[in-house]
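Below is one structure, written out as structure tokens; comments come after it.
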Amino acid sequence: MSADNPFRRTKIIFTLGPATDSEAMLEALFRAGADIVRLNMAHANHEWTRTVIRRIRAVSLRLGREVGIMMDIKGPEIRTGDLAAPIELRPGEIFDFTVRGGAPGDSPEEVRSVGVNYADLVKDVAVGDTVLVDNGLIRLEVLARNETRLRCRVLIPGPLGSRRHINLPGVKVNLPAFTDKDRRDTAVGIEENIDFVALSFVRSAADVEELRAFLAEHKSHARIVAKIEDRSAIDNLAEIVRACDALMVARGDLGIECPFEELPGIQRRAVRMCLSYGRPVIVATHMLESMIQQPVPTRAEITDVANAVYERSDCVMLSGETTVGKYPLECVQMLDRIARRVEAEDDAPAAPPPELTSEKTKLLHSAVVLANDLPDSRILTFTRYGFMARSLAALRPQRAPILAFTPSIELQRQLRLLRGVEPYVMPFGSEPDITIENAIVFLRNKGLIAPGDKLIIATDILSQDRLIDAVQLRTVR
Ligand SMILES: Nc1ncnc2c1ncn2[C@@H]1O[C@H](COP(=O)(O)OP(=O)(O)OP(=O)(O)O)[C@@H](O)[C@H]1O
Ligand SMILES: CC(=O)C(=O)O
């Protein structure tokens with residue numbers, strides 16, 4: 001397909017923060033093609049959350065481009081507390097992490113300290129263990145512990161800011177998968193009708209099921225993204241992939257919890273496993289990290305983004321680049337540009353399809369084989385619950401976009417996650433044939449199809465009063 005292809009297959013997620021939460025910036029980012037907005041609940045209070053969700057919806061409505069909203073809940077994550085000003089940790093300095101309101105009373109005056117949001121930290125960690133802070137930038141060694149504090153020595157120094165993430169590689173943290181804070185955050189998300197909940201530090205399928213039960217209890221249709229971030233997730237990868245609706249390779253924490261040289265292999269294995277189970281997959285973190293400060297990415301970052309596209313991931317994701325970075329719009333434009341270019345030249349053979357268990361998915365597979373055989377064809381599908389669009393996306397058509405029509409705006413937002421799917425909202429007619437005709441007129445009016453284009457239509461049709469599954473080939477007149 002040409003470089004001016006209106007359909008980018010790889011989807012773009014960006015994290016909302018002070019750099020991007022204004023109406024003007026949201027509008028610019030949506031126009032630039034952002035598909036999903038992520039809210040990182042480690043940094044968000046409920047008032048801000050409600051305000052920005054409503055703002056996102058209002059801007060979407062105004063632009064006629066509905067984006068998805070993903071609430072990233074923090075799960076069993078340990079963080080330091082708020083600080084009035086950053087503490088500059090010095091090499092060799094003795095430093096305390098306190099719980100249950102421990103220090104300063106407990107620490108001698110010369111020992112500086114910070115509170116931590118997890119009281120049992122002092123039980124889980126042993127003398128000699130390593131404590132990593134702020135994505136592993138700061139490293140400390142545990143010297144001693146008591147009921148209210150961990151006393152450490154700074155091995156690798158650095159500035160300690162507010163709410164910094166603590167990693168304890170190899171330590172089994174005794175926190176529930178879905179914490180009380182997660183419940184409160186998710187309840188707000190459900191009230192505001194979010195589209196995805198991303199659960200951090202998923203360790204097993206049971207963690208996903210716990211969230212699923214909570215969503216069902218609260219009558220939410222939000223889809224579950226399982227974030228894999230540590231060794232237990234890698235050990236239980238297959239069951240997690242089967243249990244979730246989508247997987248996120250959260251490379252920030254994975255790269256700390258596992259030896260970093262294992263990260264590329266883990267990413268490749270996770271993406272391939274998702275493809276083999278037909279699960280959407282997101283590659284996240286540090287994709288354009290240098291663009292937090294600079295207007296252009298490094299060559300290595302460009303290649304990293306391209307690699308995620310070559311691997312046929314569904315989405316790439318931005319974090320610090322768009323929360324606090326100087327060039328958030330340029331970052332989305334950069335992802336868009338790299339993805340389109342790589343997709344235009346990707347001529348790798350079709351990947352083996354996921355296991356096709358039903359007659360319906362076998363039929364959809366035949367539609368994708370046909371699309372791969374016909375240059376410049378498009379796949380059209382009609383979907384009430386998303387099954388058709390998800391199944392087609394999982395089959396990874398090589399070039400043809402999947403134009404998915406649905407009467408549901410919620411489903412349209414959720415379909416934004418899927419590689420190659422361009423979702424449109426349209427009320428369905430009384431008969432499938434009328435709906436197909438309406439969709440073709442809609443696409444022609446938008447200039448998205450032209451006479452002579454081949455359309456492969458995967459939907460049920462009415463035949464002698466019976467609905468039958470069908471794949472049709474039509475040429476646009
Ligand atoms: N809603 C927000 N309000 C204020 N600052 C934010 C917000 N979201 C993110 N930030 C800032 O942007 C930085 C990068 O964002 P990101 O979402 O990657 O958070 P993180 O805590 O570093 O990582 P993780 O994704 O592992 O939770 C954060 O460390 C924080 O300082
Ligand atoms: C996104 C995230 O949480 C991580 O990469 O660790």
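The values are calculated or read from the model by the stated rules, or taken from the named source; none is laboratory data. Only a predicted model underlies this, so the values are computations on that prediction, with no experimental measurement involved. Every residue, glycine among them, receives a Cβ derived from its backbone with ideal geometry; neighbour counts consider all protein chains shown. These area figures cover heavy atoms from the full protein model, side chains too; ligands, DNA and RNA do not enter into them. Shrake-Rupley method; radii C 1.70, N 1.55, O 1.52, S 1.80 Å.
A simple spin-label model places the labels of Arg231 and Glu410 4.1 nm from each other, with each point 7 Å out along Cα-to-Cβ. The trypsin sites (Lys or Arg not before Pro) found in the range 403-453 that occupy coil by DSSP, while having at most 14 further C-beta atoms within 10 Å, are Lys446. I'd like the accessible area for Cys315, computed on protein heavy atoms only with a 1.4 Å probe and all protein chains in place. Round to 10 Å², please. Roll a 1.4 Å probe over it and Cys315 shows about 0 Å². Electrostatic tally near Thr80: other residues with Cβ closer than 10 Å to its Cβ, Lys and Arg +1, Asp and Glu -1, net +1. Apply the Kirkwood formula to the range 421-474: the hydrodynamic radius equals the inverse of the mean of 1/r over all pairs of different alpha-carbon atoms; give it in Å with one decimal. After inverting the pairwise mean of 1/r, the radius is 12.2 Å. Taking the charge dipole of the chain about its Cα centre, with +1 at Lys and Arg Cβ atoms and -1 at Asp and Glu Cβ atoms, the residue from Pro176, Gln294, Ala393 reaching farthest to the positive side is Ala393. In the structure displayed, which of Lys74/Lys172; Lys11/Lys227; Lys227/Lys362; Lys181/Lys326; Lys123/Lys181; Lys11/Lys326 lie more than 24 Å apart, Cα to Cα? Correct reply: Lys227/Lys362; Lys181/Lys326. Picking from Ala351, Phe14, Ala205, whose Cα lies most toward the positive end of the charge dipole for the chain (charges on Cβ: Lys, Arg +1; Asp, Glu -1)? Positive-most Cα among the choices belongs to Ala351.
Could you pull out the trypsin sites (Lys or Arg not before Pro) across the range 238-346 that fall in loop regions by DSSP (anything but H, G, I, E, B) with no more than 16 other Cβ atoms inside 10 Å? All intermediate terms of the calculation are to be shown ahead of the outcome.
On the way: sites: Arg242, Arg251, Arg268, Arg269, Arg272, Arg299, Arg312, Lys326, Arg337, Arg340, Arg341; in loops: Arg312, Lys326.
Loop-located and lightly packed - Lys326.
Between the residues Thr51, Leu63, Ala28, the greatest Cα displacement towards the positive end of the dipole of the range 21-69, with unit charges on the Cβ of Lys, Arg, Asp and Glu, is found for Leu63. Across all C-alpha atoms in the range 222-272, the radius of gyration and Dmax reach 10.4, 34 Å.
Using a 1.4 angstrom probe on the protein heavy atoms only, could you order Asp346, Asp465 from most to least accessible area?
Numbers: Asp346 20, Asp465 145 Å².
From most exposed to least exposed: Asp465, Asp346.
Heavy-atom surface analysis with a 1.4 Å probe gives the range 271-316 a carbon and sulfur content of 57 percent of its accessible area. With the helix formula -39500 (n - 2.57) applied to DSSP H stretches of n ≥ 4, the chain reaches a computed 222 nm mean residue ellipticity of -10500 deg cm²/dmol.
Close amide H contacts of Ile78 (hydrogens built in the peptide plane, cut-off under 5 Å, sequence separation of 5 or more or a different chain): Ile166. Remark: the range 131-247 projects, on average over all directions, an area of 8.8 nm² (convex hull of Cα atoms). Heavy-atom accessible area with a 1.4 Å probe sorts His286, His46, largest first, into His286, His46. Remark: C-alpha extents of the range 300-385 on the principal axes read 50, 31, 23 Å, sorted largest to smallest.
Relative to the Cα centre, the charge distribution of the chain, modelled as +1 at Lys and Arg Cβ and -1 at Asp and Glu Cβ, gives a dipole magnitude of about 760 debye. By accessible area, using a 1.4 Å probe on protein heavy atoms only, the range 186-268 has 51% of its surface on carbon and sulfur. Orientation-averaged projection of the chain equals 23.2 nm² [convex hull of Cα atoms, one quarter of hull surface area].
Only alpha carbons enter this Debye calculation for the range 78-167, each as an equal point scatterer, and the log10 of I(q)/I(0) it gives at q = 0.11 Å⁻¹ is -0.24. For the range 1-141, the equivalent ellipsoid built from the Cα gyration tensor has semi-axes of 42, 17, 14 Å, listed from largest to smallest. Both radii were evaluated on the Cα set of the range 359-475; the Rg over Rh quotient, with Rh as the Kirkwood radius, amounts to 0.92. Surface analysis of the chain yields an accessible area of 43 Å² per residue, using protein heavy atoms and a 1.4 Å probe.
Provide the net charge surrounding Val271, with neighbours chosen by a C-beta distance below 9 Å and charges set as Lys +1, Arg +1, Asp -1, Glu -1. Around Val271, the surrounding residues sum to +3. Tell me the net charge near Ser162. Cut-off is 11 Å between Cβ atoms, Ser162 excluded, with +1 for each Lys or Arg and -1 for each Asp or Glu. Net local charge, Ser162 excluded: +1. Between Asp180 and Asn135, residue separation times 0.36 nm minus the direct Cα-Cα distance comes to 13.8 nm. How big is the C-alpha Rg of the range 182-301 next to the rule-of-thumb value 2.2 N^0.38 Å, as a ratio? Normalised Rg, Cα atoms only: 1.14. What you get for the range 78-167, charging only the Cβ of Lys and Arg (+1) and of Asp and Glu (-1), is a dipole of about 140 debye around the Cα centre.
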